[in-house]
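The structure under discussion appears below in the form of C-alpha cells.
Only the coordinates and a few stated rules stand behind these numbers; no lab work does. Source: prediction; values computed, not measured. With ideal geometry, Cβ positions are generated from the backbone for all residues, glycine too; neighbour counts draw on all protein chains shown.
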C-alpha cells in the first residue's frame, strides 16, 4: 500500500499486510548482533507514548523458544535450499546467539523474497559480524545468480583498535528477485579540475577531448573512412569490444 506506515513486528506485518510481489525495493538495516545497545524511541499506533519508548534492547540474540520457532518456520517454508542451509549452519554453530540471530533473519528474508516484485531489488545492510552468514542465507533464499554486489561503506576514518585493525566499514548486500530487475545507473558531474585537465578543446557545443580511434599494428582488412586509412600510419581501427558485441556480425566488414 502506497504512503502507508506499518507499526509493529515486521514479520507479523509482512505476513498479514503485504501481498505477494507488490514491493519494488527493499532496504533493511536490522540489528547487527554486535553486542551494541539501542534506545527504542517512538510513539504508539494512536500517537500516545509507547511503553517501549523507555525501554532499551540489547543487540544480542539468544537461543530460546522464539529462535526455535523461527528455525522450524524456515524448515516448513517450502524453500528447500534455505531450510538446508539453515540446518547446516545450526549443525556448525550449534544453538547459540549467532544461530538465533540467523534463524530470526532467515524467516524474514523468506517473506521479503515473497513480497518483492520480479523487477525488484533488495539491499541488506550489515556489519562483518554476520555478513558472511547472511550472504550465504541470501544465496539460498534468492539463488546465487541473483547476487549483484557486496557494497562496502566506509563509515569512519581509518584507525587501529587495541588488538586488531580498525573496524571502519559496513556491508550492503545487493540481491535481485530475477534477471529482469530494474537498475538505474548512477552518474555524477565531473570535478572542475578533471574537466580542465582533460577537456581542453572547445567548439560551439562546448568543451571536448579528442580520442584516437586507432590502435597499434596494421590490419590489412581495415576499410577507408572518408579517404583515410590508419594503415598508412602503421595503425589500425580500434573498436571497443562492447561495441563489437552490440553490432550484428553482418555489419562488421
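Counting other beta carbons within 10 Å of each residue's own, what order do 132, 4, 171 fall into, fewest first? Write out the running numbers ahead of the final one.
Numbers: 132 10, 4 6, 171 20.
In order of increasing Cβ crowding within 10 Å: 4, 132, 171.
Place the peptides 13-23, 198-208 in order of packing, highest mean first, counting for every residue the other Cβ atoms within 10 Å and averaging per peptide. Show your work: numbers first, answer last.
Values: 13-23: 13.4, 198-208: 9.4.
Ranked by mean Cβ neighbours within 10 Å, highest first: 13-23, 198-208.
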